[in-house]
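The values are calculated or read from the model by the stated rules, or taken from the named source; none is laboratory data. Small disclaimer: the values here were computed from a predicted structure and weren't measured. Methodologically, a virtual Cβ is constructed for each residue, glycine included, from the backbone with ideal geometry; neighbour enumeration extends over all protein chains shown. Surface areas here come from the heavy atoms of the whole protein model, side chains and all, with no ligands, DNA or RNA. Shrake-Rupley method; radii C 1.70, N 1.55, O 1.52, S 1.80 Å.
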Amino acid sequence: MSTYVFFTFSAFLLYFQAALYFLLVLPSTRVNRSFVATSLALAWMSLFLFLFHLTDQPRLVYLYDRMAVFGWALFPWLASLLVFYLSQNQQKWIGRTLHFFLPLMVMAMIIRYQYHPESLKFFYRHASGIWYFSAYNQSVWVIVASLYNLICALLSIHMSWKWTNTTWLGTNNKKKLQSLIVLITLLLFTTLALLSNLIIPLLGSSSMPPLVHLAAIPLIAGLFFPLVLLNPETYLWKSISSLFIRRIHQLVMFLDHNTTVDSVNRHGLKLLGRTHSQMVDSDPALYFSDGETLRSQLSRAATNMPTKPLDCDLLPLNAPAIPVSLSVVKVNDSFRNIVGFVIVATDRSKKEALCVQVAERIRMERELRTLQKNLEKRVETRRRELLETNDLLKNEMWRREKAEEQLLADMQKKEGLLREIHHRVKNSIQITVSLINMSFCELSGTQPDAVLHSLFGQRLRDISFIHEYLYDSPYIGKIKFSHFIVKATNELRGLQLSARDVFFRVQLEEEELSINQAIPCGIIFYELLANSLKFAFPDGKNNFRPANGRREIRVAFYRKNGLFFLEVQDNGAGLTMINGMPEKKGVGLRLVEKLVNDDLGGRVSYRVKEGTLAIVEFGNKEPGNKEQ
């Protein structure tokens, strides 16, 4: 076995032992975990470099180097991460580069090398039996690998340099030495690695085998020394001491490895009535009544033997003794060496008072449990009562729902009966009209007979039409009068031949009238519309001609200021007016005035200008009734 192979195997053992030590002895921190990962990557690479130097087959050499790529590709990135965590660097761009960009380059190189190792380097056997390698200069992947190693090296040196500058401004000498050693080892390793792994292979020289795993020995040693031997454990010790001195309200005495007093917390100094300078480097047994037993407890703790709490008296200066209970704890460093001891003295009087408080609390908790059980019983009883009440309410609601359903059925039945009444009234009126028509057909047809026929037949037909519309309406006792006007206009226009060449303009609002208002208002509308159709456009008047050249009748129904307005206007010949009223009033106009005054409680007015305008105005009240 050659010296090179021996050193390669020794490097594997060295890296593996360093990783085991950090895993088994030191606490698990980010820095320590990074060191373990870096050491394992170097150990993995060294192991497979050792193996492929034991064979003379190129196929096995490339196989072992495919396995070793996981070590030599991951090692630069892991070393940079270690320096990043160790220096506590806060630069975001470095953190993003280390956590996102470099891992992608590592994965790309590993995948590419597994697929085609000759794209990075090729091996050949030296006369001494050692496998040498040269970089494949014409491959892009050689440039990627070189760029990756240069980025890792420059980042590590940059972080270490900033760390060194920061620590040298402080007063912690151990941190100064720690940062300086890391910087020097990084510079040394970077120089050796660039020479052995990049510059010489790129120049095509075959005078040296792979040396990066050997060049990393100073780096691992330089990182191991500041992480273990220069680890500022005294800082942690002092931090804990400071915490106890400031916060703990018990006597806490810190002893060095020689069992002499190193420091005492503030509360302890107050209890003893002494100053810190009086107690430093003194024997702790001087301050307790049973000093010999305390020394024995310290000796047992130093030899890892179990110790029990010691009951004795604390001896303050110029004050009565205080009963205390002592506990002794040994403090070790990472190498299991004794750093010192901690003595904690608990005031037994306070402990006894605490026991009384605990007993009182236990008694109160028992009473609370009893009260809780009673409360739960009352809650359960109340819950049952509420359930019973809920059942009663459900039954009552069911009965009310049944009653409401019965009322609804009765109401629907009554609505049906009311519709039937309206229907029967309409049929009765129709029969009456038919009988009147039949009777007049048998008469001689004189003028009085024709008048009677007009009075009775047409009015009864109007009332019949209103009842017909009422029982067809979905609202019992209410009529949308605008719908009635449209339907009545169409019917009257169809019955009278003179209305077929008349143009109707309708202006209506959706208003409802009661049955007591709808019947007289319907008769009034029929009379006014029939009057316009009959007299507005008489034949034989050569001088009369509408202004716009066509016969028009406008019908309007609307509500304004709480009053209803029904308007019928034509552009015909017009009425002869005396004092604002028609000179001649026929049966129809007299009937209109009577219905408006007596049934609607309103008034009717006429205006003559290019035709006749009849305006019926009435309120939303029925005569003799309250407002709806």
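Of the residues that make up the stretch 259-266, is at least one among the acidic types (Asp, Glu) and at pLDDT 85 or above? Working first, answer last.
Of the stretch 259-266, the ones among the acidic types (Asp, Glu) are 262.
From the residues that got through so far, the ones that are at pLDDT 85 or above too are 262.
Yes - at least one qualifying residue is present in the stretch 259-266.
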All-but-one check, residue 361 against (1) within 30 Å of residue 225 (Cβ to Cβ); (2) at pLDDT 90 or above, failing number (1)
May I ask you to say which residue of 516, 531 is farther than 18 Å from residue 491 by Cα, part of a helix (DSSP H, G or I) and over 60 Å from the mean Cα position of the chain (by Cα)? 516
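Which ranges mark the helices (runs of 4 or more DSSP H) fully within the stretch 24-129 that have 1 or more residues being closer than 18 Å to residue 220 by Cα and modelled with pLDDT under 85?
Working: elements: 30-52, 58-87, 92-96, 102-115.
Answer list for the stretch 24-129: 30-52, 58-87.
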Note on residue 328: of the conditions (1) part of a helix (DSSP H, G or I); (2) at pLDDT 90 or above, unmet is (1)
Some residue of the stretch 549-565 being within 60 Å of the chain's Cα centre (by Cα), at pLDDT 85 or above, of a type in the set (Gly, Ala, Ser) and crowded, with 16+ Cβ neighbours inside 10 Å: yes
Give me a count of the residues in the stretch 265-288 that are of a type in the set (S, T, N, Q) and either open to solvent by less than 40 Å² (accessible area, probe 1.4 Å) or touching a Leu at 6+ places or on another chain (Cβ under 6 Å) (or both). 2
Any chance you could count how many residues in the stretch 288-347 are without any contact (Cβ under 8 Å) to a residue 40 or more places away in the chain, within 60 Å of the chain's Cα centre (by Cα) and farther than 25 Å from residue 228 by Cα? 14
Looking only at residues in the stretch 249-258 that are part of a loop (DSSP other than H, G, I, E, B) and under 21 Å from residue 321 (Cβ atoms), which one is modelled with the lowest pLDDT? 249
Check whether at least one residue in the stretch 41-64 is in contact with a Ser or Thr (Cβ under 9 Å, 6 or more places away or on another chain) and closer than 28 Å to residue 162 by Cβ, and report yes or no. no
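Please find, within the stretch 29-73, the residue that is surrounded by the fewest Cβ atoms within 10 Å (Cβ to Cβ) out of those that are of a type in the set (D, E, K, R) and within 19 Å of residue 182 (Cα to Cα).
Start the filter on the stretch 29-73 by keeping residues that are of a type in the set (D, E, K, R), which leaves 30, 33, 56, 59, 65-66.
This time we only want the ones that are within 19 Å of residue 182 (Cα to Cα), so: 30, 33.
Details: 30: 12, 33: 16.
This residue is 30.
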